[in-house]
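Notes for the one structure printed next.
Each reported figure results from applying straightforward, stated rules to the coordinates on display, with no laboratory input. Everything numeric here is computed off the predicted structure, so don't read it as measured data. Virtual Cβ from ideal backbone geometry, glycine too; neighbours counted across all protein chains shown.
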Amino acid sequence: MSKKDNLTDQDPHFDLAESRFRVLVEHAPEAILILDYDNKKYIEANPNAMKLFGYTKDELTNIHLGELSPEEQPVGNNSASFSAKMIAKAIEGDPVVFEWVIKRKDGQTVPCEVRVVRLPAKGRTLVRSSIIDISESKRSKIKLERSERQLRSFIDDTPFPVAMLDKDLNYIRISKEWERVYNNDSGEDLIGKNHFEMNPHFPLRWKIAYHKALKGE
């Protein structure tokens, strides 16, 4: 990297601050890219950025910005125009956090969370992007949503009276058969209502049994 690409001003008084900054960047747990906005090029990339994108540091600091994202994001946004908008907000001093799909060197796309902030630099416009791979949390979320859909379907369509209650014994899901048997087809929405308030005829021992079950007894 040439001398002119240093992250801070060339005054020797800034040397210590620059050294500290570089240590923070190099050892950050997330991928970090430093963009020289005026020249539209990355001037710094830490090891986690190289690992995430699959490029060497030299490649990242010479790559066209558009090569690190697909042409469009999954939600339909044009990557170039949307990223430009986010960077502009960061330059203005606004906090910028958004989900973004990156494109690796091998063509694989990876969902990420990106935080963008402007760095203090005299006479230059530098922008830091901190990028975290959230593919695992995305997979976990999809798996959880699938399980919840399956559970809702099971409860709704089971031929038996089944109800799901929260810790306060309020209804959060009931089967059609439960509503028919215990709600007498009144049409009243039971969701959010208390199980024992809606069924005052239930014996006290049932209520005690429910509370013991919630405590794991």
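Okay, here's what the table says:
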| quantity | calculated |
| --- | --- |
| Sequence-separation-based contact order of region 139-214, relative, with Cα cut under 8 Å and 6+ spacing, percent | 22 percent |
| Angle in degrees between helix 15-26 and the longest Cα principal axis of the chain, rounded to the nearest 10 | 40 degrees |
| Expected-Rg normalisation [2.2 N^0.38 Å, Cα atoms] applied to the chain | 1.62 |
| Förster-model FRET efficiency, 45 Å R0, residue 197 and residue 57, C-beta, rounded to 0.05 | 0.10 |
| Qualifying lysines (Cα of each under 20 Å from Cα of residue 207; at least 8 residues distant if same chain) | 167, 193, 215 |
| Electrostatic dipole magnitude of the chain [Cβ: Lys, Arg +1; Asp, Glu -1; Cα centre; debye, to 20] | 360 debye |
| Relative contact order (percent, whole number), the chain, Cα cutoff 8 Å, 6+ residue spacing | 13 percent |
| Relative counts (whole %) of C-alpha pair distances in region 120-208, using bins that are 10 Å wide | 14, 31, 20, 12, 9, 8, 6, 2 |
| Footprinting exposure proxy for 141, 89 (fewest neighbouring C-beta atoms within 10 Å first) | 141, 89 |
| Least to most buried among 148, 217 (fewest other Cβ within 10 Å first) | 217, 148 |
| The chain: angle of helix 79-91 to the longest principal axis, Cα-based, in degrees nearest 10 | 80 degrees |
| Selected from 123, 150, 100, residue furthest toward positive end of dipole (the chain; charges at beta carbon) | 150 |
| Viscosity 0.890 mPa s, 25 °C: Kirkwood-radius Stokes-Einstein D of region 83-171 over Cα pairs, µm²/s | 144 µm²/s |
| Label-point separation in nm, residue 65 to residue 147, each point 7 Å along Cα→Cβ | 4.1 nm |
| Footprinting exposure proxy for 201, 64, 195 (fewest neighbouring C-beta atoms within 10 Å first) | 201, 64, 195 |
| Residue 168/residue 117 FRET efficiency (R0 41 Å; Cβ-Cβ; nearest 0.05) | 0.45 |
| Positive-end residue, the chain charge dipole about Cα centroid, Cβ charges, pick of 198, 80, 64 | 198 |
| Mean residue ellipticity (222 nm) of the chain, computed from DSSP H runs ≥ 4 via -39,500 (n - 2.57), nearest 500 | -11000 deg cm²/dmol |
| Degrees separating the helix 204-214 axis from the principal Cα axis of the chain, which is the longest one | 20 degrees |
